[in-house]
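These notes concern the structure reproduced below.
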Amino acid sequence: MNTNIALKLASGLLFGSLLTACVEDTGSATPPPNRANQDCLAAVAQTTGNSEVRILSSEPREANILVIVGVGPDAAPWQCITYGDGTTEGIMSLSNEGSL
């Protein structure tokens, strides 16, 4: 009878561990800071003349990283493409068809 209880306890612990492993931490949609993100933040701030910028998303691609930056208190979306050497391009507003 003690073996049966031990087996049920071990099964319960194993099942609980498996469930815990399935939990995904989605605490923050903001990616951690890195050079590409920082390069784009600086480039968008300079382009817009607004230093209130934050990362909304960052998507690694084959040769570059597409970064979406929120500008101003309403976090108006802007895009920026950055490369490993720190160069940036494609800076444009996503809410105003690329105009400033």
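The values are calculated or read from the model by the stated rules, or taken from the named source; none is laboratory data. Since this is a predicted model, take the numbers as computed values, not measurements. Cβ coordinates were reconstructed from backbone atoms using ideal geometry, including for glycine residues, and neighbour counts include every protein chain displayed.
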Fill in the blank from the handout: For Val67, the lone unmet condition from (1) buried (at least 17 other Cβ atoms within 10 Å of the Cβ); (2) part of a strand (DSSP E or B); (3) over 15 Å from the mean Cα position of the chain (by Cα) is (3)
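Just need a number here: residues in segment 76-88 that are part of a strand (DSSP E or B), farther than 9 Å from Ile65 by Cα and at pLDDT below 95. If you could, list the steps in order and put the result at the bottom.
Just the residues of segment 76-88 that are part of a strand (DSSP E or B), to begin with: 76-82, 88.
Filter once more, so that each one left must be farther than 9 Å from Ile65 by Cα: 76-79, 88.
Then drop every residue that is not at pLDDT below 95, which leaves 88.
Of the residues in that region, 1 qualify.
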